[in-house]
1. Restricting to region A:125-174, give me the number of residues that are open to solvent by 50 Å² or more (accessible area, probe 1.4 Å) and within 22 Å of A:L102 (Cα to Cα).
2. Taking the condition within 18 Å of the chain's Cα centre (by Cα) and not polar (S, T, N, Q), does A:D155 pass?
3. Assuming B:S38 fulfils every condition listed in (1) within 8 Å of DNA strand C (Cβ to nearest atom); (2) surrounded by fewer than 14 Cβ atoms within 10 Å (Cβ to Cβ) apart from one, which condition is it?
4. Any residue at all in region A:130-141 that's within 9 Å of chain B (Cβ to nearest Cβ) and under 13 Å from the mean Cα position of the chain (by Cα)?
5. Residues of region A:32-46 being of a type outside the set (S, T, N, Q), within 10 Å of DNA strand D (Cβ to nearest atom) and farther than 14 Å from A:A21 by Cα, which ones?
6. What number of residues in region A:60-91 are in the same structural domain as A:T103 (by TED's automatic domain parsing) and among the small types (G, A, S)?
7. Looking at region B:42-56, is at least one residue within 12 Å of another protein chain (Cβ to nearest Cβ), crowded, with 17+ Cβ neighbours inside 10 Å and out of contact with any Asp or Glu (no Cβ under 8 Å at 6 or more places or on another chain)?
8. Of the residues B:L176, B:L162, B:L172, only one is at the interface with another protein chain (Cβ under 9 Å from one of its Cβ atoms) and over 24 Å from A:I141 (Cα atoms); which?
There are 2 protein chains.
Amino acid sequence: MGEAAGTGRRSIGARRNPDSADAILDAAEAVLAEAGYSGFSIEAVARRARAGKPTIYRWWPSKAALLLDVYQRQKRVDVPDTGNLEDDLVGFLKNLFAHWRLTASGNVFRSLIAEAQSDSHAAAALAGYATGRRAHTGQVIERAKARGEVAPEVDAGIVADLIASYAWRHLLTNRLDEDKATLRTAVRYVISGISAKR
Amino acid sequence: MGEAAGTGRRSIGARRNPDSADAILDAAEAVLAEAGYSGFSIEAVARRARAGKPTIYRWWPSKAALLLDVYQRQKRVDVPDTGNLEDDLVGFLKNLFAHWRLTASGNVFRSLIAEAQSDSHAAAALAGYATGRRAHTGQVIERAKARGEVAPEVDAGIVADLIASYAWRHLLTNRLDEDKATLRTAVRYVISGISAKR
DNA sequence: TCGGTGAAACGATACGGCCCGTTCCGGGGC
DNA sequence: GCCCCGGAACGGGCCGTATCGTTTCACCGA
């Protein structure tokens with residue numbers, strides 16, 4: 001999977017032109033930001049990048065691979081570390097929603113999820129990516145566990161899954177402007193069920 | 001009489017042919033079940049139903065509307081009423097996942113969500129449908145509230161949202177075969193944060 | 001009661017347009 | 001010279017609309 005999709009080093013013999021690749025990724029991002037998923041086609045990206053379609057197909061085997069590359073080129077949302085689990089998770093959701101709203105990332109990720117529903121390559125790529133992110137988010141819970149804020153037997157993966165699910169659904173249903181109070185309430189419902197003390 | 005008990009779309013003078021409509025909906029369901037979302041096109045449905053494309057376009061303004069009609073024709077998943085909130089929610093998720101796995105519903109709903117990412121009509125239809133379902137699921141929490149099992153100030157909508165989000169993400173990432181134990185744990189994390197006592 | 005009539009839905013076909021994924025070509029930088 | 005590039009073109013599929021001729025069915029006057 002990471003085979004042809006990476007922006008980093010390539011296998012021996014393949015001499016990808018960095019200028020061209022960047023122009024294509026820039027164009028893909030711009031098209032997605034302006035026309036959304038429905039307007040996102042290989043031809044549109046090629047036109048925008050003043051590149052040839054074969055150049056795109058040479059380096060990205062599918063629309064999904066291109067989308068994933070675009071998404072991974074974005075800056076990552078940082079997970080706060082305030083010393084308090086509730087604040088960490090609320091802050092994370094708030095940062096994530098803002099990031100999705102204010103950059104092309106939201107559209108890119110929505111498109112990737114949609115693409116994954118009809119393309120098995122996209123599904124596999126998304127599954128791998130989601131696993132990595134879940135582990136990442138799970139660290140917040142692990143930190144809280146280390147602080148004694150969360151019971152040690154709690155499954156951090158499931159908690160991260162609940163939080164990520166909540167974020168996904170808001171992205172997919174255009175509710176990225178959710179009240180901060182609502183976010184806090186949702187987070188509180190989840191984590192007050194896992195706290196060590198009561 | 002038995003005249004067009006369909007989806008309530010008819011206006012005066014419109015004489016939709018029930019046979020034709022049923023054939024189209026049957027064909028749409030079959031195409032989705034066999035070819036999935038990527039193979040689902042109006043032309044494919046028309047071929048399968050031995051109907052003309054204009055007939056489909058006459059009664060369904062978009063692919064999304066057709067998908068929604070197909071989905072709503074399916075049997076609904078019943079929400080258990082065991083007298084215990086945790087069992088109700090776990091049972092609901094289990095029923096829902098089984099329903100999505102074993103019938104065409106899962107594919108239909110996945111397709112509808114994907115379509116909503118690129119079509120505003122689909123997004124609107126989906127939002128309306130989701131609102132209705134959320135209220136429906138919220139009744140489970142309200143029942144628990146009436147039993148004194150849940151604190152009265154709890155926002156049933158947010159809890160229903162968390163549960164629905166969890167279900168959506170499992171559908172969209174092909175994890176409908178999740179362990180029952182994991183489901184129970186997830187449900188427990190959510191609802192033990194809203195219980196009235198302890 | 002009964003047959004005529006016309007509106008409306010039907011299946012089929014065709015159209016221009018867009019996009020897919022591939023192939024071929026000529027130009028140009030290392 | 002090599003090999004990657006951009007451009008053009010291809011066959012194929014689907015979209016959404018227009019336009020055929022046909023069939024169905026509610027209405028209504030004889």
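The values are calculated or read from the model by the stated rules, or taken from the named source; none is laboratory data. None of these values were measured; they are calculated from a predicted model. Don't worry about glycine lacking a Cβ; one is built from the backbone with ideal geometry, like all the others, and counts go over all protein chains shown. Accessible surface is based on the protein model in full, side chains and every heavy atom, while ligands, DNA and RNA are left aside. Shrake-Rupley method; radii C 1.70, N 1.55, O 1.52, S 1.80 Å.
1. Of the residues in region A:125-174, 1 are open to solvent by 50 Å² or more (accessible area, probe 1.4 Å) and within 22 Å of A:L102 (Cα to Cα).
2. Details: within 18 Å of the chain's Cα centre (by Cα): no; not polar (S, T, N, Q): yes.
For A:D155, the condition - within 18 Å of the chain's Cα centre (by Cα) and not polar (S, T, N, Q) - is not met.
3. It fails just one condition, (1).
4. yes
5. Correct list: A:E43 only.
6. Qualifying residue count, region A:60-91: 2.
7. To start, the set of residues in region B:42-56 that are within 12 Å of another protein chain (Cβ to nearest Cβ) comprises none.
No; the residues of region B:42-56 include none that is within 12 Å of another protein chain (Cβ to nearest Cβ), crowded, with 17+ Cβ neighbours inside 10 Å and out of contact with any Asp or Glu (no Cβ under 8 Å at 6 or more places or on another chain).
8. Values: B:L176 fails: at the interface with another protein chain (Cβ under 9 Å from one of its Cβ atoms); B:L162 fails: over 24 Å from A:I141 (Cα atoms).
The match here is B:L172.
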